[in-house]
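The values are calculated or read from the model by the stated rules, or taken from the named source; none is laboratory data. Keep in mind that what you see is a predicted model, and the values were worked out from it rather than measured. Neighbour counts are summed over all protein chains in view; Cβ atoms, including those assigned to glycine, are modelled from backbone coordinates with ideal geometry.
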Amino acid sequence: MIRIGIDLGGTKIEGIVLDSSGAERARQRVPSPRNDYDATLKTIVDLVGFLESRCGPSGTVGVGIPGIVSPATGLVKNANSTWLIGHPLDRDLTARLGRPVRLENDANCFALSEATDGAGAAAAVVFGVILGTGVGGGIVVCGRPLVGANAIAGEWGHNPLPSPRDEERPGPTCYCGRRGCVETFLSGPAIEHDYKARVGITTPAVEIGRRAAAGEAAAESVLADHEDRLARALSVVINILDPDVIVLGGGVSNLDRLYANVPRLWAPHVFSDRVDTKLVRARHGDSSGVRGAARLWNV
């Protein structure tokens, strides 16, 4: 039987079909109908129908969303695609597709993909990190996503930045209503904001990386601050979870220097005589989320 994965993002919805061996059979991306819940349901149903028309009989459907279904209410919560909040998305999709649908947080789908056949394959405990327009996290233990009693396991982006320096207090305001969240320091827009504050120009994070490599002092200063903050934030994850592997995804993960510098910087903050946790780049890139959604029926 084929396995269909849907990655529901703020700007695009991606669908993929995996066969029983995990090989990709089909893929399609369509724009997200922003701020329209009913149109979002229709778009997903149409996308599933299109994929099945390409690959034969109906398959299982897993959906990754930028939020989670509350165990208390059965409704979507904590979604930065705010038009999903307060709706029974899993039940509505199940009714429209005529089959059970599994929903999971997109960071958990990312972590599941990388723990299955990606950069964290064969590791017992994998922490998947998405550093993009926001900061997400997912945990996979022995091949299964860890969701938690409140369905918020891995949400490290909405903890305070550890060991803040004086100039980092109280921190930027976060959309969650608090100040100084990890997300407000480590997302792509946060890096761009820091750079603009120094030079007055809005510049993509990847370009800031290129400028730092070329020797520009302002860009180097911004990335050095980012690496120090990322190391502090991940050290808390290591102290609590002690993962074998931390896998980075999202646009910021394309900064090559992170993989050498951050483990060196996190060592003083980790409660251990040495740190064997590996920091690695996602093997499947921005396809990990949708691949993990398809694999929700494996667990």
Out of all the residues in the stretch 103-120, is one or more among the aliphatic types (A, V, I, L, M), assigned to a loop (DSSP other than H, G, I, E, B) and modelled with pLDDT of 95 or more?
-> yes
Is there a residue being of a type in the set (Asp, Glu), in a strand (DSSP E or B) and either surrounded by fewer than 16 Cβ atoms within 10 Å (Cβ to Cβ) or without any contact (Cβ under 8 Å) to a residue 12 or more places away in the chain (or both) anywhere in the stretch 46-58?
-> no
From (1) assigned to a helix (DSSP H, G or I); (2) under 19 Å from the mean Cα position of the chain (by Cα); (3) assigned by TED's automatic domain parsing to the domain that holds GLY143, pick out the condition that doesn't hold for VAL247.
-> (1)
The stretch 45-66, subset under 20 Å from the mean Cα position of the chain (by Cα) and at pLDDT 95 or above, residue nearest to CYS176 (Cα to Cα) | ILE65
State whether one or more residues within the stretch 178-185 are farther than 16 Å from VAL236 by Cβ and not hydroxyl-bearing (Ser, Thr, Tyr).
-> yes
Any hit, the stretch 127-148, residues being under 30 Å from THR73 (Cβ atoms), hydroxyl-bearing (Ser, Thr, Tyr) and in contact (Cβ under 8 Å) with a residue 24 or more places away in the chain = yes
Tell me which residues, restricted to the stretch 151-180, are under 14 Å from PRO66 (Cα atoms), of a type in the set (A, V, I, L, M, F, W, C) and not in a loop (DSSP other than H, G, I, E, B).
-> none
Would you check which residues across the stretch 157-181 are hydroxyl-bearing (Ser, Thr, Tyr) and within 17 Å of ASN80 (Cα to Cα) and list them?
-> THR173, TYR175
Candidate set: the stretch 67-102, residues that are at pLDDT 95 or above and on the phi > 0 side of the Ramachandran plot; chosen: the one farthest from the chain's Cα centre (by Cα) = GLY98
Restricting the stretch 195-211 to residues that are assigned to a helix (DSSP H, G or I) and without any contact (Cβ under 8 Å) to a residue 12 or more places away in the chain, which is surrounded by the fewest Cβ atoms within 10 Å (Cβ to Cβ)?
-> ALA197
Answer residue from the stretch 162-194, given it is of a type in the set (S, T, N, Q) and buried (at least 18 other Cβ atoms within 10 Å of the Cβ) and is modelled with the lowest pLDDT among those = SER187
For residues that are in a helix (DSSP H, G or I) and in contact (Cβ under 8 Å) with a residue 60 or more places away in the chain, scanning just the stretch 231-242, find the one that is surrounded by the most Cβ atoms within 10 Å (Cβ to Cβ).
-> LEU234
So, first residue crowded, with 17+ Cβ neighbours inside 10 Å in the stretch 81-93, second residue in a helix (DSSP H, G or I) and of a type outside the set (Gly, Ala, Ser), Cβ within less than 6 Å, six or more apart or across chains; the pairs are TRP83/TYR37; HIS87/TYR37; ASP92/LEU41
Any residue at all in the stretch 237-245 that is within 30 Å of LEU51 (Cα to Cα), in contact with a strand residue (DSSP E or B) (Cβ under 6 Å, 6 or more places away or on another chain) and not charged (D, E, K, R)?
-> no
